[in-house]
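Colleague: Can you read through this structure? Questions will come right after.
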Amino acid sequence: MVLVAAGALNCGGSPENSPLFDSMDPTLTGDTTLGGPTATSAGGASTTAITGVSSNGDVASTVSSTTSAGGTLGQGVGGSTGGDGGATTGGTTTGGNGGAGGTSIGGSAGAGGSSATQGTTSTESTTSTEGTTSTEGTTSTEGTTSTGGVGNTSSGSGGGSTGGVGGTDAEGGAAGAPGGAGGAGGCGLAFEARPNTVYFALDRSSSMIDENFWDPVKEGVLDSVAAMQDRMRFGFAAFTGQSGLTCPLDLTAAANIRLTNLAGISAVLDPLEPPDPEGVKGETPTAAAIAAVREKLAVDASPGKVYVLLITDGDPDFCNDTDAVCPSDALVYELQTAYLEGVETRVFNIAGGAATAARLEAFARAGRGLAVRGNSQNIHDACVTDATWSARLSELGGGEGDSLGSYVGAAPAGSYVTLDPSDPAALSTTLADATASLLSCFFDLAGGPLADGQESLVSVELAGEPLEYGTADGWTLHSGSLLELTGEACAVYRSASAPELDIRIDCGMLE
């Protein structure tokens, strides 16, 4: 099968007589990925085109403020009842700090108070209009600690979960009934996260334990999941195969792909070890593993962008010790096909392993939808007698002179990340930072869109600092419903330290 990559058309063999994965240009100029992956026919055997993927087309992670801070006049509609303050002249009821429903009779600020922002010690209703002649309890503090309304400063319906307490007799009396639970927001608008998916594909060949790579890499994977599991969906699989036993593929995978998946992945990875180094050798069937991961991701209903993090210490094989040229071509095909299906792969090498740098560079480019240097005719000639490779070519409808992957005569080097198992702390940091860099800086508006000019009702804070609208390093709004963190703001957000992001809508100013 012939795949066309990033604007370079290759139908059959390249005119240059260069071998597969020979010396590559070390630069990366001219390889901006734009647009979504599309497939077109360019003749030949199942010819496909890789046109690139938008680096700005994804959305991610949690938003800290999606609920209203309660009504200013106790008229919330989100819950069942408002704060039930005193009906006599007894106390100065403090209103429901989150009274998201009912018509509160407690105080002048009733359900939610006039300025309950994020549940911070609100002072709503300290001078009840139902006890203005009372001299007792006029500074009652019951209910002044608001427990609701995370985020929005709007004065719409229900942000809080409990109402304030108010007196029913001359002494301030018993507590009134709590306010109802808050609604989704005073005006039905909220920016919602769509977390990206990161799927770890970990090499479990015998060399991973022979060279003492396994434990530090395993801990690095778990550390990365622990740091980002609230903001990313994670999946995991480890792959190997033993000739005569589990070949062509032994894949051990976590059951789910989801947020907060540390426990699920740990349950699979913690007890897992590479095959016994004294027994049958554990092989590296990487192409078969990526094909299996592709199938798992194809049935995963994820709205965000999807990444595979391929971690390996050696060149691929067909679950045997065959020449790496043919399984490498098979892996290029799987990575290019995954990209066309919306799955981008990042490649991680283990320092001290036997992986060939030129092959890693080719895999890195294939996984990101970029042109890969090689010669289809030469690959075909070298692999036509390999039974596994030939069967795959036939299955894909290829013929004389075709390779499985798509190649061009010249392409820059690809960029992969090297993990150093001799320094476990640095390895964990490198992997966590690389994982965090895949966070989305986009957020969808539910209940929208906002009209022109209404973006002024949105405020965004990152790590406690306000961000400016319409600036290169702040935020912007696309079509009234897609919020994007831009420039340095996006870079700061994409951090393993998980800085807090606070997006609010002033619903009280909406018409």
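The values are calculated or read from the model by the stated rules, or taken from the named source; none is laboratory data. Being a predicted model, the structure only gives us computed values, none of them experimental. Don't worry about glycine lacking a Cβ; one is built from the backbone with ideal geometry, like all the others, and counts go over all protein chains shown. The protein model used for the area step is the full one, side chains on, heavy atoms only, and it has no ligands, DNA or RNA in it. Shrake-Rupley method; radii C 1.70, N 1.55, O 1.52, S 1.80 Å.
Colleague: Among 217, 299, what's the order by accessible area (1.4 angstrom probe), most exposed first?
Modeller: 299, 217
Colleague: I've got another one for you. Quick check: from the Cα gyration tensor, does segment 334-469 come out rounded (a/c under 1.5), prolate or oblate?
Modeller: Oblate, since a/c reaches 1.5 and b/c is not below a/b.
Colleague: Classify segment 267-405 from the C-alpha gyration tensor, please: rounded if a/c falls under 1.5, else prolate or oblate depending on whether a/b exceeds b/c.
Modeller: Since a/c reaches 1.5 but b/c is at least a/b, the shape of segment 267-405 is classed as oblate.
Colleague: Sticking with this one: Given a 1.4 Å probe and every protein chain left where it sits, what share in percent of the accessible area of segment 462-511 is carbon and sulfur?
Modeller: Ligands and nucleic acids excluded, carbon and sulfur reach 48 percent.
Colleague: Solvent-accessible area per residue for segment 203-256 at a 1.4 Å probe radius, Å²?
Modeller: 35
Colleague: Using the Cα gyration tensor of segment 286-357, with a ≥ b ≥ c the square roots of its eigenvalues, what is the shape: rounded (a/c below 1.5), prolate (a/b larger than b/c) or oblate (neither)?
Modeller: Prolate, because a/c is 1.5 or more and a/b exceeds b/c.
Colleague: Keeping the other protein chains in place, figure out the carbon and sulfur percent of the accessible area of segment 255-385, with a 1.4 Å probe.
Modeller: 51
Colleague: Work out the length of the dipole vector of segment 221-278 about its Cα centre, built from +1 on the beta-carbon of each Lys and Arg and -1 on the beta-carbon of each Asp and Glu, and round it to the nearest 20 debye.
Modeller: My answer is approximately 440 debye.
Colleague: A further question follows. Over segment 369-418, with the other protein chains present, what is the accessible area per residue in square angstrom, probe 1.4 angstrom?
Modeller: 36
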